[in-house]
Amino acid sequence: DKKKAEEVKIEKKPLLEHNTVHVEVKRDPKIQVARLKLPILGEEQRIMELINENEFLIVAGETGSGKTTQIPQFLYEAGYAEHKMIAVTEPRRVAAVAMSARVGYELGLSSKEVSYLMRFEGNVTKDTKIKFMTDGVLLKEIQSDFLLSKYSVVIIDEAHERSVYTDILLGLLSRIVPLRRKRGSPLRLIIMSATLRVEDFTENTRLFKQPPPVIKIDSRQFPVTTHFNKNTNSDYLKEAYKKAVKIHTRLPEGGILIFVTGQQEVHYLVRKLRAAFPYRKDVDYTKLITKTKPVSDADAALDSEPEDIESDDDEVEKEMKRARKARKKAKQKSKALPKINLDDYDMPEDDGQADLVDDEEDSEGHLSDSDAEEDSLAPAIKACRQPLWVLPLYSMLSQGKQARVFAPAPAGARLCVVSTDVAETSITIPAVRYVVDTGKKKMRVYDHLTGASAWRVVWTSQASAAQRAGRAGRVSSGHAYRLYSSAVFQHECPEQHPPDLCRRPVDDLVLTMKCMGIDKVVNFPFPTAPDRMQLRLAEKRLEALGILEKPPMKNIKKDEEEVLKVTPLGKAVSAFPLLPRYGKMLALSHQQDLLPYTIALVSALTVPELMSGKSDSWPATGNVLLLGDPGVMLRAVGAAEYAFVKGEEELFCAKYGLREKAIKEIRKLRKQLTSEINLSVSGVDVTVDPQMQPPNDSQARLLRQLLLSGLGDQVGKKIALDEVKQGEDKRKFKYAYHCGELEEPVHLHSDSILRKTIPEWVVFQELYETGGEDRRKMVMRNVTAIEPEWLAMLVPHLCNLGDPLDDPPPRYDEKSGRVKCHFKGTFGKAGWELPTSEV
Ligand code: ADP
Ligand code: MG
């Protein structure tokens with residue numbers, strides 16, 4: 001109660017008056033003119049009043065209204081950078097760099113004063129006043145300085161993107177700000193977002209007791225006509241190319257902005273469009289400049305459908321089109337792209353090579369070159385003499401190259417930017433009148449069993465589609481071309497994608513947060529909270545695996561809620577991009593030089609239905625047999641790679657009953673996991689030889705132990721036949737096991753190789769239910785035999801051990817440098833008796 005009274009007192013007396021000092025800024029008059037056109041300038045006074053009088057403020061404004069570039073300047077001029085710094089976080093690297101450069105330029109300050117910082121890169125100095133950074137960097141800073149004492153104000157930009165880090169930052173800042181007030185050194189938090197889902201922040205009383213004031217900035221937006229394609233062609237890159245060609249050859253001037261999903265696609269389209277409409281430095285194009293012709297709506301439709309007509313792919317028509325295309329293609333030889341002089345684009349190294357491998361993983365398949373259908377555009381392309389000034393834009397693009405999109409195209413040329421979704425809200429490109437939207441974006445998709453993630457191309461949300469379309473109406477009325485049908489828009493595109501944090505496996509999230517020092521995960525004020533029960537269960541699972549633990553008793557105060565902390569093992573595990581149980585296997589296998597096997601194993605366990613039918617083709621003995629179904633998978637994957645190299649993959653898969661698509665997917669996953677692990681885990685440098693030798697006997701034994709270390713909470717113990725109740729059919733219990741506290745028996749999968757030996761103790765990857773109502777049965781999938789002596793050693797958190805035994809006496813173990821003792825004890829809540837084990 002005393003505490004409450006204190007809080008009330010404090011809330012009544014906010015310490016917020018900011019001592020207004022005016023900091024003189026000498027701006028270039030040209031910049032001042034451009035600034036005055038931004039709608040946010042008219043709101044400066046109101047915004048500053050709200051900031052001075054409130055700890056929290058939400059600024060919701062149309063993209064391009066000037067939030068990111070102007071608000072830091074308002075703060076700077078009002079003296080917020082006099083004693084402490086102004087922090088601005090961005091979820092995208094490209095925005096942190098571009099915006100710091102722009103704000104510095106507008107303020108007439110150097111990068112020493114307006115700087116940026118992100119992982120592996122930055123230009124912050126001791127004189128930095130405004131610091132742009134990625135959200136991950138600010139989170140790291142909170143871990144070493146919880147009160148963020150270097151800053152007077154924190155701006156969380158692009159909050160609508162709802163990146164995991166941004167969401168966690170908002171939760172933390174909602175608590176840090178009141179703490180700073182109590183210390184007498186107030187901190188302001190400004191949340192900036194596009195005009196999307198602001199309620200998630202204002203209506204969440206766990207996050208903010210009182211909803212923060214919201215200021216809305218309208219931007220001058222011209223009308224944009226949206227056109228849908230009649231049919232949805234899965235080759236959206238080809239469609240994008242065709243649409244860009246049509247716009248350029250038929251429609252009046254105005255920049256084109258094309259949205260694709262990743263860096264490779266960007267480069268592909270850039271190359272193709274440059275080849276179609278090359279720009280040459282030595283040619284004077286100014287003669288080509290014509291007066292803008294008015295264009296009728298019918299012309300502007302460019303073979304698309306108006307917005308309100310619902311249409312979709314007609315299968316028959318598509319079939320016929322395909323056949324026609326194939327015939328044409330057979331007749332025509334595919335033509336190579338003409339060579340273009342890249343020097344003319346003044347960026348010699350920008351030859352379509354990826355600058356860096358990044359999160360935007362390569363997409364496959366549809367990067368095919370010339371095509372008969374496209375050739376129908378050839379006459380128009382040939383007749384068009386106006387060059388297209390084509391520029392790439394994506395998050396890992398170097399600073400110099402990204403800045404080019406803001407400059408006007410050379411006289412006579414039309415600007416065309418091919419971009420990933422960074423141009424959706426983070427970066428506003430002036431002079432765009434035509435938007436070409438593939439409707440696709442890359443999203444991380446997680447496997448629910450292993451937590452392995454892959455980038456998948458998915459439909460954008462309807463909200464994103466609206467944002468993208470809006471980019472065409474910045475300078476005048478514009479047109480947005482959606483390369484898919486309105487039926488797809490209505491039925492396939494979700495209204496919004498859920499925030500990243502809610503699409504991620506919770507075990508992983510809990511571990512990530514604990515590693516950041518956020519202990520009370522269940523009570524954390526998430527903007528959109530994941531299921532509490534799931535969070536709690538995840539904590540329990542992680543504790544059972546030795547990844548989290550209760551701190552020693554003496555540190556726990558009375559009444560304090562029990563808080564689980566990360567163990568040293570947990571720290572190591574968190575570096576792996578998988579569910580912690582698999583991360584644990586990888587962390588431990590790294591110590592045993594078995595990483596390539598474990599990577600292959602996790603990949604194989606991620607892909608469903610690798611084998612159809614029995615595993616009779618893969619006979620084994622000893623530890624290799626006891627490694628069980630995962631062992632069969634390992635050998636199958638290795639052997640399939642041999643066959644692949646010889647060009648006999650298809651035959652091989654058919655012969656051994658392997659699903660060819662699964663093998664391909666596993667190959668991709670192994671590659672991806674290997675590179676992610678090399679990137680994210682320091683000290684690890686694995687190369688994967690796809691044609692892995694089958695594990696030998698001792699490796700197979702270690703792999704059995706590794707599987708136990710990660711799946712220790714999923715152990716089965718054989719039901720002895722004399723345990724079976726009278727009257728029950730004993731035959732039904734041939735492959736039956738006890739499992740934890742489950743009443744009913746669980747069974748070895750009918751295809752499991754372990755049916756050959758029926759081991760006493762097993763671990764399994766997954767439990768599932770089969771059979772109809774009367775034949776319902778719980779079945780274990782992907783089963784490995786273990787030795788009960790290993791349990792005390794590998795999953796001690798689930799064992800209940802007595803005092804060390806005198807006989808056999810303790811001994812010094814040279815290998816581990818520790819004294820080892822023997823114990824008697826039990827395993828799990830069911831209390832299964834363990835053999836005497838040495839730990
Ligand atoms: P918001 O954050 O509200 O989306 P911004 O502050 O990013 O808006 O952009 C405001 C205006 O400043 C836009 O018209 C944009 O084109 C322009 N702008 C931003 N960066 C640059 C730059 N580097 N060069 C030229 N113009 C820029
Ligand atoms: Mg912005």
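Descriptive notes on the structure:
- Fewest-first sequence of LEU578, LEU196 by Cβ atoms within 10 Å of each Cβ: LEU196, LEU578
- Pairwise FRET efficiency - ALA830 versus SER617, Cβ, R0 = 35 Å, nearest 0.05: 0.45
- Using the Cβ-Cβ distance between VAL475 and CYS515 with R0 set to 60 Å, the FRET efficiency from 1/(1 + (r/R0)^6) comes to roughly 0.85.
- As a rough guide to protection, the peptides 118-129, 385-396 ranked by mean Cβ packing within 10 Å, highest first, stand as 385-396, 118-129.
- Whole-Hz couplings from phi, Karplus 6.51/-1.76/1.60, listed for the stretch 479-488; x for Gly and Pro: 10, 10, 10, 8, 8, 8, 7, 5, 5, 4
- Placing +1 on the Cβ of every Lys and Arg and -1 on the Cβ of every Asp and Glu, with no other charges, gives the stretch 136-270 a dipole of roughly 380 debye about its Cα centre.
- Extension gain for ARG119-ASP593 works out to 167.7 nm (0.36 nm per residue, less the C-alpha to C-alpha distance).
- Among GLU676, GLU814, the ranking by other beta carbons within 10 Å of each residue's beta carbon, starting with the fewest, stands as GLU814, GLU676.
- Crossing angle, helix 263-276 versus the chain [Cα axis fit, 0-90 degrees, rounded to tens]: 40
- Between GLU562 and LYS655, the modelled label-to-label distance comes to 5.6 nm, taking each label 7 Å out from Cα in the direction of the beta carbon.
- Full extension of the segment from LEU537 to ARG503, taken as 0.36 nm per residue of separation minus the current Cα-Cα distance, would add 10.5 nm.
- For the stretch 59-150, the convex hull spanned by the alpha carbon atoms encloses 105 Å³ per residue.
- Out-of-range pairs (alpha-carbon distance over 21 Å; input LYS26/LYS150; LYS550/LYS815; LYS242/LYS272): LYS26/LYS150; LYS550/LYS815
- Residue (of TYR768, PHE526, ALA240) at the positive-pole extreme of the chain, dipole from beta-carbon charges: ALA240
- Note on ASN678 and TYR642: with the Förster distance fixed at 22 Å, the Cβ-Cβ geometry gives a FRET efficiency of about 0.35.
- Only Lys, Arg (+1) and Asp, Glu (-1) charged, at Cβ; the chain dipole about Cα centre in debye: 1360
- Length-normalised contact order of the chain in % [C-alpha pairs under 8 Å, at least 6 apart]: 10
- Residues of the stretch 402-417 with amide N under 13 Å of a point placed 7 Å along Cα→Cβ from ILE31: none
- Applying a threshold of 25 Å to the alpha-carbon distances of LYS112/LYS514; LYS84/LYS571; LYS442/LYS664; LYS540/LYS734 flags LYS112/LYS514; LYS84/LYS571; LYS540/LYS734 as lying beyond it.
- For the stretch 88-213, averaging the sequence separation of C-alpha pairs within contact (under 8 Å, six or more residues apart) and dividing by the residue count gives a relative contact order of 22 percent.
- In order along the stretch 758-770, phi translates into HN-Hα couplings of 6, x, 5, 10, 9, 10, 9, 7, 8, 10, 8, 9, 10 Hz, rounded to whole numbers, per the Karplus curve 6.51 cos²θ - 1.76 cosθ + 1.60 with θ = phi - 60° and x for Gly and Pro.
- Against the chain, whose longest principal axis comes from its Cα atoms, helix 580-591 is set at around 80 degrees.
- Mean Cβ neighbour count within 10 Å, used as a protection proxy, ranking 41-53, 231-243 highest first: 231-243, 41-53
- Relative contact order of the stretch 592-676, pairs being alpha-carbon contacts under 8 Å that are 6 or more residues apart, as %: 41
- Distance in nm between pseudo-label sites at ASN523 and VAL214 (7 Å out along the Cβ direction from Cα): 2.9
- Prolate/oblate/rounded label for the chain (Cα gyration tensor, a/c 1.5): oblate
- Helix 315-331 and the longest principal axis of the Cα set of the chain meet at an angle near 80°.
- Placing unit charges on each Cβ (+1 for Lys and Arg, -1 for Asp and Glu) gives the chain a dipole about its Cα centre, and among GLY184, GLN691, PRO223 the Cα reaching farthest toward its positive end belongs to PRO223.
Read the figures in this text as sums done on the coordinates, not as results from a lab. Note that the structure is predicted; figures quoted are calculated from it, not measured. Glycine gets a Cβ as well: all are built from the backbone with ideal geometry, and neighbour counts include every protein chain shown.
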